[in-house]
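Just so it is clear, none of the values below were taken in a lab; they were calculated from the coordinates. Predicted model, so just to flag it, every value in this text is computed and none were measured. Please note: Cβ atoms are built from the backbone with ideal geometry, for glycine as well, and neighbour counts cover all protein chains shown.
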Amino acid sequence: MSTNSPINASSKEHTHKEIMVILGGLMTGMLLAALDQTIVSTALKSIVEEFDGLNHYTWVVTAYLLTSTASTPLYGKISDIYGRRIVFQFAIVTFLLGSILAGASQNMEQLIATRALQGLGAGGLMALTFVIIGDIVPPRERGRYQGYFGAVWGLSSVAGPLLGGYFSDHEQILGVTGWRWIFYINIPFAIASLLITSAVLHIPKVKREHKIDYLGAVLMVTAVCLVLLSVSIYGPQNGWTDARTIGYLVVGLLLTVVFLLWEKRAVEPILPLHLFKNHTFSITSLLGAVIGAGMFGAIVMLPLYFQVVKGYSATEAGLKLIPLMLGIVSTSIVSGKLISKHGHYKRFPIMGTSIMTIGVLLMTRLQIDTPYWQISIYAVMVGAGLGLSMQTIVIALQNSVDFRDMGVATSSNTFFRSLGSVFGTAIFGSILTNRVVHYMSSGFNDLRTTNPSALEGFDTSQLDALTTNTAALATFPPIIKVTALEAFVNSFHVVFYAAAPITAIGLLLALMLRETPLRTSQDYAAAREEAAGESLS
C-alpha cells in the first residue's frame, strides 16, 4: 500500500461494478438492522404468551432501540481510528450473535438482554453503511447509489410487519417455534453480508496515533440511555409527571451537559463539537431528527389505524403499507439519479418535507369508512416525502465535512435521526393514548344522553382496557363499537395534527440548507490525499 493512501479510502477509484457488489453487502447489513425495528412488534403477542411476560414486553423493543441509538456515534469515531471493514464486520458478528441467542431465549430476561446485544450490532450496521459509501464514492456520484438505501428502509417498513405476522401466526416451522424465526431469519443474511464484505470491501487506512475518549463514551451512552428510558418507557407507562420519569430525564440531561463540557477538553472527542460550527452539519442533524420523527410516526400510526379501525390482521396491515414503501423507494432512486446528473440537492428535501407535511395533514381526513385507494394516496405522499429527504441530507452532509471527519459526522446524523424516531414514536403514542381516553369518555357520555338503551347490559369497564388491548372491539355491539372506533379516529386526527408542525419545521430547515457544489472524483481524491497527509504529519 502506498504511504500516501488516504485514511479509510481506497487508493484507486472503484468501478461501478465493484461499487454495486459492495453495495449488496452493505444493503444486506442495513436491511437486517432496519427490519429488526419493525419485525418484532407484530410477534410480541406470541412471545408474551409463551413467556408470560406482559409486564416486560415493551423492553423487548426498547432494549434494541437503546443500544442501537446510543452506540451509533461510537461506531463512526472508532471506524475513523481502526478502519471501516473490521468495525463493520464486528457489528455484523455482534448482530448475528444477538440474533442466535435471541432466538434461543427461554424467558423474557434473556430475550431483553439478547435484544440489547442485537441493537449494539445494529447501531454499527446503520451508521457505517453510509460512511463506507461516503468513502468510496464522490458526492457528485453518490446519489445514484444512496437512493437504494431509501429502498431498503421502504422494504423493511412493509416486510417487517409481514414477516413478523407470518412467523408468529405459525405455531411451528421446521420443528422450531414460529416466532423464533424472526431472529433466525437474520442468520443467512448476516453470513452473506459478512462474506461479501470480506471479499470485496478492501479499504486500506493509514495507521496513526490515537486516543479513545473512554470517559466521553461512557457519559454519552449513559446520558442517551437515561433520556430514552424516560421518554420511551417511563413517560408513556407511568405518566410524564411521575418521579422516575422526571428523575431519569433530569439526570440524563445533566449528564448531557457534562458530556458536552468534557468533549471540549478531550484529545480525540467521540463527538467533535467543532462539527456544529459547520452550518450544513447542524441543519442536517436537526433535519434528520425531524425526518426520523415523521418516518416512525407514519410507520407506527398507519398500521395501528389499519388494525384498530379497519380490523385488519398484522399481516394484512403490513401489505396495506405497500404504497408507503413505493413512495419511499421510487423517490429515493429517482432523486439520487437526478442529483448525480445535475449536481443540485437542496430542492429535494424542500420538496420532500413539503409533500410529507401535506400527506400528514391529509391523514387527518381518515374516517372509519375511508376507502383504501384514498389512504394509499396519502401514504404514497408521506413515503415520497421521506424518500426525497432521507438520503439527500446525507449527501449534503458528507459533501460539507472534511474527509477525516466523514465517519463521525455521518454516524452522528444517523444518531440524531434515531433520536428523532424514538422521541416521535413516544410523543405520538402518548398523544394517541391520552386522546383515546378523552374521546372515549365524551363519546359514551353523549351516547348515554342520546341513546341510553344502547348501553343497557353492557359492562363499560371493558372500555378502559381498549387503550392497551383492542381485541375486545370485535365482540362489542355495533353502536358501541362505532362509538369506540370514532374515539380512535378522532385521536388519530390529533396525532397527525401534532405531527404536521414537526414536518413543517423540517421544511423551514430545508430552506435554510446551503447548497454547495458537489465534489467530483478529482476533488474527492484531493480531499482524501489531504486527510492522509494530515494523519501522517
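Values as computed for the structure displayed
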item	result
Fully extended contour minus Cα-Cα distance, from A454 to Y82, at 0.36 nm per residue	127.0 nm
HN-Hα J in Hz across segment 257-262 - Karplus 6.51, -1.76, 1.60, θ = phi - 60°, x for Gly and Pro	4, 4, 4, 5, 5, 5
Relative contact order computed over segment 328-404 (Cα-Cα under 8 Å; 6+ residues apart), in percent	50
Pairwise FRET efficiency - Y312 versus L508, Cβ, R0 = 51 Å, nearest 0.05	0.90
Sum of side-chain charges, T197 neighbourhood, beta-carbon under 10 Å (Lys, Arg +1; Asp, Glu -1)	+2
Distant-in-sequence amide H partners of I173 (H built 1.01 Å from N, under 5 Å)	G178
Burial order of peptide ranges 126-132, 227-233 (average beta-carbon count within 10 Å, highest first)	126-132, 227-233
Exposure proxy ranking, count of Cβ atoms within 10 Å, fewest first, for T256, T62	T256, T62
Relative contact order computed over segment 213-267 (Cα-Cα under 8 Å; 6+ residues apart), in percent	47
Phi-based couplings in Hz for segment 346-354 (Karplus 6.51, -1.76, 1.60; Gly and Pro marked x)	4, 4, 6, x, 5, 5, x, 5, 5
Separation in nanometres of the label points that stand 7 Å from Cα toward Cβ, at E515 and S282	2.2
Rounded FRET efficiency, nearest 0.05, which uses the C-beta distance separating V482 from L261 and R0 of 56 Å	0.50
Three-way shape label, segment 222-329, alpha-carbon gyration tensor, a/c 1.5	oblate
Fully extended contour minus Cα-Cα distance, from E18 to E268, at 0.36 nm per residue	86.7 nm
Largest to smallest principal axis extent of the C-alpha atoms in segment 213-267, angstrom	41, 13, 10
Full-stretch length increase - A199, N107 - with 0.36 nm per residue and alpha-carbon distance subtracted	29.3 nm
Within-15-Å neighbourhood charge of L65 [Cβ basis; K, R +1; D, E -1]	+1
Relative packing of 167-173, 22-28, 284-290, which averages over residues the other C-beta atoms within 10 Å, highest first	284-290, 22-28, 167-173
